[in-house]
Each structure stands twice: as structure tokens, then as C-alpha cells.
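Report on one structure; see the data block that follows.
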Amino acid sequence: MVGVATLPPELKPAMTDEVAETIGERVAAMVPDGACIQTGIGAIPQAILGALADHNDLGMHGGLIDDAGLRSFSGGITGSKKSIDRGFHHWNRNGHAWFMKPRG
């Protein structure tokens, strides 16, 4: 970590619409529990992650993860079935607070 006087730029949440929600539901229907997914940022990835909320033990890869991805780590994304790349890092105020929270 390097100390700075200001926070880095934040990823702002995307607004989903009916088309994105439909795509999210269709994709989520094809994803089994325990699968590893890769997403990005934007309305469609956000809709997919929202539709995956009831899934269990998902793994996730992503270069950029927004608040929708972060919320998923509180639910079905555990990474417990992944054998590689089990780390996680996200950078905005919410992600920073989550990342810096002590784990027991």
C-alpha cells in the first residue's frame, strides 16, 4: 500500500434496464452452482450478477469489479471451488472498506 492524500477514482454503478435484466436472467439460468464466472463492469454484468444472487459457491474472475460484484461476495460468490486465483481486490470506498476489514 502507498499512502496518498486523495482516494482513487471510483467506479460508478451502471443503470440496468429491461433488456439487461432479461439477458441477466437468461445467463444466470445457464450457470450451475459452483461455476466460475468472469464479468466486467456495466449494466449487463450488473444484471447477470443480480440474477445470480440465489446461486451458491460461485467463483469469480474480473479485471474490474463494481459494487454489483462486491455485493455478490456477500452472497453466492465464495470462491470455495476455485483451485487458482482465489484472491480479490476492488477499489472504491465500499471496496476499500471491505478489503481493509479485519477477517477472523
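Where residues in the stretch 52-67 are crowded, with 20+ Cβ neighbours inside 10 Å and at pLDDT below 85, which of them is nearest to S83 (Cα to Cα)? Only one residue fits best here, namely M60. Just one of the listed residues (L70, L49) is part of a helix (DSSP H, G or I), modelled with pLDDT of 85 or more and among the hydrophobic types (A, V, I, L, M, F, W, C), namely L49. When restricted to residues that are small (G, A, S), surrounded by 17 or more Cβ atoms within 10 Å (Cβ to Cβ) and closer than 29 Å to S83 by Cβ, the stretch 1-41 contains 2.
The values are calculated or read from the model by the stated rules, or taken from the named source; none is laboratory data. Owing to the predicted nature of the structure, the values given are computational and were not obtained by experimental measurement. We place every Cβ from the backbone using ideal geometry, glycine too, and count neighbours over all the protein chains shown.
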